[in-house]
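Step one of this worksheet: look at the structure below.
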Amino acid sequence: MQIGTRWSVGGEAPQSVPVAMRAAIDDEERTLVELGADTSAWRWTLTWLEGQPVVELDDGTTIRLDGDDVVVGRD
């Protein structure tokens with residue numbers, strides 16, 4: 001595993017995050033706003049597992065690629 005970077009919810013994802021994953025991040029953040037979640041201290045973490053990007057939110061939500069598909073998992 002290779003650590004990438006962290007950024008705040010509502011901030012801009014790093015350029016190394018694929019466009020499809022960025023769309024999923026935006027969707028997740030929009031849902032959190034709709035739910036009224038206080039995400040002011042939450043951050044996303046980008047890591048690389050076997051060369052593939054994995055993005056995880058502090059609440060345990062993960063976004064990864066499976067071929068050309070984006071998979072969102074929630075704890």
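The values are calculated or read from the model by the stated rules, or taken from the named source; none is laboratory data. The structure displayed is predicted, hence computed values, not measured ones. Positions of Cβ are generated from backbone atoms using ideal geometry, with glycine treated the same way; all protein chains shown enter the neighbour counts. Areas reflect the complete protein model, heavy atoms only, side chains present, ligands, DNA and RNA absent. Shrake-Rupley method; radii C 1.70, N 1.55, O 1.52, S 1.80 Å.
In table form, for the structure just shown:
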{"item": "Radius, Kirkwood style, for the chain when every pair of distinct Cα atoms is counted (Å)", "result": "12.4"}
{"item": "Relative contact order %, the chain, counting alpha carbon pairs below 8 Å whose residues are six or more apart", "result": "31"}
{"item": "Top of GLY36, GLY11, GLY60 by mean-square fluctuation, Gaussian network on the chain, Cα under 10 Å", "result": "GLY36"}
{"item": "Assigned charges on the beta-carbon of Lys, Arg, Asp, Glu; the chain dipole about Cα centre (debye)", "result": "240"}
{"item": "Estimated 222 nm signal from helices in the chain, with DSSP H stretches of n ≥ 4 weighted -39500 (n - 2.57), rounded to 500", "result": "-7500 deg cm²/dmol"}
{"item": "Full-extension gain in nm, VAL72 to ARG43, via 0.36 nm per residue minus C-alpha separation", "result": "8.8 nm"}
{"item": "Accessible area per residue, Å², the chain with all protein chains present, probe 1.4 Å", "result": "64"}
